[in-house]
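The values are calculated or read from the model by the stated rules, or taken from the named source; none is laboratory data. The structure displayed is predicted, hence computed values, not measured ones. A quick note on method: Cβ atoms are made from the backbone with ideal geometry, for glycine too, and the neighbour counts reach across all protein chains shown.
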Amino acid sequence: MKKILKHMIKLFILTSLFGNTQLFAQSESFSFRTYGERNEVNYTKNGTEYHIEYDGEIAINDDDTDVVSISSGGYLEISKRVFGTERRILIESGRNGNLIRKYFINGKEKPYSPEGKNWLSDVLPTVVNKSSVGAKSRIKRFYEKGGIDSALKAVRKINSNSLKTIYYEIIMDYSLSEEEKIKVVRSAGNTISSNSNLTGLLIRIRSHFFDNDQLISAFVDAAKKIGSDSNLTQLLKEISKDEKVSNSKFTKFLSCGYTINSDSNLSYLLIQTISKRGIDGGILDKTLELLEKEISSSSNASDVYSTIAKVKNLSEEQLMKTLSSASESISSSSNLMRVFLDFSKQVNHSSQRVKTHYIKEAKAISSSSNYRKAVSAINLD
């Protein structure tokens with residue numbers, strides 16, 4: 001008895017000092033999956049298990065306590081298991097648009113009203129915060145009542161990155177002002193912590209941000225929050241392929257290249273850009289700037305310079321500028337020699353001024369034999 005009493009006193013003291021949350025760890029898990037049009041959510045917290053499955057467009061009432069409508073062929077199924085008891089509700093869209101509601105306890109169907117209706121009103125607030133159920137109707141309600149700030153506040157309360165992207169896309173479907181678009185993309189950049197989710201969202205909404213420098217700048221700021229070099233490269237590659245984006249606008253998107261740490265990813269992006277867009281509209285200047293400041297690998301850098309050499313009809317100023325850049329950026333003698341040889345054909349069709357510049361810059365090739373190979377490719381007659 002004394003031992004039990006001592007244990008209880010000790011537990012009371014610990015609880016008073018540290019609180020119950022320190023003594024009883026809380027466990028929580030969440031998963032959201034999409035199978036075509038069907039969505040599935042599994043959510044567990046402290047032994048309480050939720051399973052949510054749904055299809056179609058679902059609208060809910062203003063206080064998130066009841067389902068108002070479901071599109072034709074759609075359904076919503078919610079189950080909650082706690083202390084060995086499972087309650088489940090299935091709501092389907094009928095042929096005439098009416099909702100068919102069924103309520104089950106441990107697999108046995110029970111009258112929906114009033115117990116099932118009351119249970120739905122208790123669990124639906126959790127369901128809408130852990131899924132995209134009623135997302136369109138909820139965003140519409142928030143936006144109409146409190147504008148873009150109210151809608152974004154609702155999205156920020158969602159924990160799942162994948163669900164946030166769904167909500168942000170719904171908001172972007174509205175006819176937003178420039179200021180509202182900027183607020184949305186900045187919010188997305190600040191609240192979506194998943195690189196893949198943020199990348200996917202930005203790829204899908206990118207066309208909303210092509211119109212002017214302010215929109216591009218806000219988009220670029222959000223893109224810079226992507227912590228994965230491969231994901232950011234993927235995003236920029238998709239923008240590069242978009243014919244709606246001029247070269248002069250794309251150079252602004254290319255400023256994201258300063259946050260790509262991988263030489264191979266950045267060089268790949270630049271090669272793809274030049275191959276697709278050429279070098280006009282500021283592409284060459286931005287490429288050379290990134291080569292000089294961001295790519296330390298001679299091999300990766302030389303691949304980019306060699307791609308520039310394949311561009312036909314470079315101006316003499318472009319040729320000399322690129323050769324100067326290469327001589328400063330490439331430390332490897334063999335790689336630098338290869339780049340100069342790649343440019344030699346165009347240099348031979350240029351003025352004596354360009355040829356003289358070629359010879360001058362070739363002196364950066366540290367190997368005498370490689371230097372001689374590069375120089376011997378030029379016709380000095």
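Here are the numbers for the structure shown:
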{"item": "Close pairs (7 angstrom Cβ cut-off, 6 or more residues apart or separate chains): among the polar types (S, T, N, Q) in region 34-60, part of a strand (DSSP E or B) and exposed (fewer than 15 other Cβ atoms within 10 Å of the Cβ) anywhere", "result": "ASN42/SER31; THR44/GLU28; THR44/SER29; THR48/VAL82"}
{"item": "Residue pairs meeting the criteria (Cβ under 9 Å; at least 6 apart or on separate chains; first free of Cβ contacts under 8 Å to residues at least 12 places away in the same chain, in region 167-178; second of a type in the set (Lys, Arg))", "result": "ASP173/LYS136"}
{"item": "Flag if GLU92 is buried (at least 16 other Cβ atoms within 10 Å of the Cβ), in contact (Cβ under 8 Å) with a residue 12 or more places away in the chain and in a strand (DSSP E or B)", "result": "yes"}
{"item": "Residue ranges of strands (runs of 3 or more DSSP E) in region 1-87 with at least 2 members modelled with pLDDT under 90 and under 24 Å from VAL123 (Cα atoms)", "result": "28-35"}
{"item": "Only one of GLU289, GLU238, GLU243 that is over 18 Å from SER325 (Cβ atoms) and without any contact (Cβ under 8 Å) to a residue 12 or more places away in the chain", "result": "GLU243"}
{"item": "Test for SER299: is it modelled with pLDDT of 95 or more, farther than 26 Å from ILE192 by Cβ, of a type outside the set (A, V, I, L, M) and in a helix (DSSP H, G or I)", "result": "yes"}
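Yes or no, residue by residue, for (1) at pLDDT 95 or above; (2) surrounded by fewer than 21 Cβ atoms within 10 Å (Cβ to Cβ); (3) at negative phi:
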residue: ASN313; (1), (2), (3): no, yes, no
residue: GLU316; (1), (2), (3): yes, yes, yes
residue: THR322; (1), (2), (3): yes, no, yes
residue: ILE330; (1), (2), (3): yes, no, yes
residue: ASN335; (1), (2), (3): yes, no, yes
residue: LEU341; (1), (2), (3): yes, yes, yes
residue: ASN348; (1), (2), (3): yes, yes, yes
residue: TYR358; (1), (2), (3): yes, no, yes
residue: ALA364; (1), (2), (3): yes, yes, yes
